[in-house]
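J.: Once you've had a glance at the structure underneath, I'll fire off some questions.
The values are calculated or read from the model by the stated rules, or taken from the named source; none is laboratory data. Values in this document were obtained by computation on a predicted structure and should not be read as measured data. Because the Cβ atoms are built from the backbone with ideal geometry, glycine has one as well, and the counts that use them run over all protein chains shown.
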Amino acid sequence: MSKVLIAPSLLSADFSDLANEMKKVTAAGADWLHVDVMDGNFVPNLTLGMPIIKSLKPHATIPLDVHLMIERPERYIESFIEAGANYLTLHVEATDVLKESLKKIRALGCKPGVTLRPGTELEKIKPFLSLVDLVLVMTVEPGFGGQSFKQEQVEKIRKLAKWRAEGLGNYLIEVDGGVAPGTASICIKAGADVLVAGSAVFKGEKSVNNYQKNIQAIREGGV
């Protein structure tokens, strides 16, 4: 890949002005828009749901990368795809029918992804790598934004890059949690293709120029 992709997390955007925030970060050079969906059960927080995604979709000119942090996500696959998800990522811990769910996502014309909590062994997702377009490595505990980067999770990025090189799948490696210019360089060197960043993108003035500066700093790994 010629450049790392940046996916600003809308969890850190101004919720009172989401459509304009999306347009600004897109104009600033964002590649995807990352949408965190939490149900208050799988993780201790509630966030954006299907109606919000559906209302935002007409304003999106880049892919919507939807991360489901919900129990039994298989119940809502059709609904999130109909709402506008381009990528739909499920947690290995959240469902007993992951294989069937990933196949269903692809059959419905969406790109499937798989992820895991920081405390879950990477081997748990290994059987599903051939079924996905995206593997998301969480470098914080899922549930809340603004947490510190867990350095020990970088080894998962390296191992996923190694497995991919060995032919175990053809997936993008995405990293979410505590991503900023300093930690971005660590992720990129380990093999990351996509970086999700929230506060590091949306901090400061709510302008295209400021967001462009923040995105470029992350993309270049602080160099």
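J.: What number of residues within the stretch 164-212 satisfy the criterion of being charged (D, E, K, R), touching a residue at least 60 places away in the same chain (Cβ under 8 Å) and surrounded by 15 or more Cβ atoms within 10 Å (Cβ to Cβ)?
T.: 3
J.: I'm told Gly119 meets every condition in (1) assigned to a loop (DSSP other than H, G, I, E, B); (2) under 19 Å from Met38 (Cβ atoms); (3) in contact (Cβ under 8 Å) with a residue 24 or more places away in the chain except one. Can you identify the failing condition by its number?
T.: The one condition Gly119 does not meet is (3).
J.: Quick check on Phe128: is it in contact (Cβ under 8 Å) with a residue 24 or more places away in the chain, part of a loop (DSSP other than H, G, I, E, B) and hydrophobic (A, V, I, L, M, F, W, C)? Even if it seems obvious, please write down each step before you answer.
T.: Working: in contact (Cβ under 8 Å) with a residue 24 or more places away in the chain: yes; part of a loop (DSSP other than H, G, I, E, B): no; hydrophobic (A, V, I, L, M, F, W, C): yes.
Spelling it out, it is not the case that Phe128 is in contact (Cβ under 8 Å) with a residue 24 or more places away in the chain, part of a loop (DSSP other than H, G, I, E, B) and hydrophobic (A, V, I, L, M, F, W, C).
J.: Given the residues Ala190, Ala217, which is the only one that is out of contact with any Phe, Trp or Tyr (no Cβ under 8 Å at 6 or more places or on another chain) and closer than 22 Å to Lys126 by Cβ? Give the steps one after another, and end with the answer.
T.: Numbers: Ala217 fails: closer than 22 Å to Lys126 by Cβ.
Within the list Ala190, Ala217, the selection yields Ala190.
J.: Could you grab me the full set of residues in the stretch 1-47 that are aromatic (Phe, Trp, Tyr) and modelled with pLDDT of 95 or more? Talk me through it step by step, then tell me what you get.
T.: Keep residues of the stretch 1-47 that are aromatic (Phe, Trp, Tyr), which gives 15, 32, 42.
The answer is Trp32, and nothing else.
J.: Here is a further query. Of everything in the stretch 11-23, what is assigned to a helix (DSSP H, G or I) and within 14 Å of Gly198 (Cα to Cα)? Give them in sequence order. Working first, answer last.
T.: Looking only at the stretch 11-23, we keep the residues that are assigned to a helix (DSSP H, G or I), and these are 11-12, 15-23.
Answer for the stretch 11-23, where residues must be assigned to a helix (DSSP H, G or I) and within 14 Å of Gly198 (Cα to Cα): Leu11, Ser12, Phe15, Leu18, Glu21, Met22.
J.: Tell me which residues, restricted to the stretch 22-63, are loosely packed, with under 15 Cβ neighbours inside 10 Å and polar (S, T, N, Q).
T.: Within the stretch 22-63, Asn41, Ser55, Thr61 qualify.
J.: Given (1) surrounded by 17 or more Cβ atoms within 10 Å (Cβ to Cβ); (2) over 17 Å from Tyr87 (Cβ atoms); (3) of a type outside the set (Phe, Trp, Tyr), identify the lone condition not met by Leu160.
T.: Only one criterion is unmet by Leu160, namely (2).
J.: Quick one: Lys57 ticks every box in (1) part of a helix (DSSP H, G or I); (2) in contact (Cβ under 8 Å) with a residue 40 or more places away in the chain except a single one, so which number is it?
T.: Result: Lys57 fails condition (2) only.
J.: Can I ask one more? Kindly indicate the residue of the stretch 84-104 that is without any contact (Cβ under 8 Å) to a residue 40 or more places away in the chain and touching a Gly at 6+ places or on another chain (Cβ under 9 Å) and also farthest from Phe128 (Cα to Cα) among those meeting that condition.
T.: So, considering only residues that are without any contact (Cβ under 8 Å) to a residue 40 or more places away in the chain and touching a Gly at 6+ places or on another chain (Cβ under 9 Å), the one farthest from Phe128 (Cα to Cα) is Leu88.
J.: Moving to a separate point now. Among the listed residues Ser9, Ser16, which satisfies the condition of being loosely packed, with under 13 Cβ neighbours inside 10 Å and of a type in the set (Gly, Ala, Ser)? Lay out the reasoning, then the answer.
T.: Details: Ser9 fails: loosely packed, with under 13 Cβ neighbours inside 10 Å.
Sole residue among the options that is loosely packed, with under 13 Cβ neighbours inside 10 Å and of a type in the set (Gly, Ala, Ser): Ser16.
J.: Sticking with this structure for a sec: Please count how many residues of the stretch 24-42 are over 28 Å from Arg164 (Cβ atoms), in a loop (DSSP other than H, G, I, E, B) and hydrophobic (A, V, I, L, M, F, W, C).
T.: 1
J.: Moving on. Can Leu102 be described as more than 15 Å from Val194 (Cα to Cα), of a type outside the set (Ser, Thr, Tyr), at pLDDT 95 or above and not in a strand (DSSP E or B)?
T.: Numbers: more than 15 Å from Val194 (Cα to Cα): yes; of a type outside the set (Ser, Thr, Tyr): yes; at pLDDT 95 or above: yes; not in a strand (DSSP E or B): yes.
Criteria met by Leu102.
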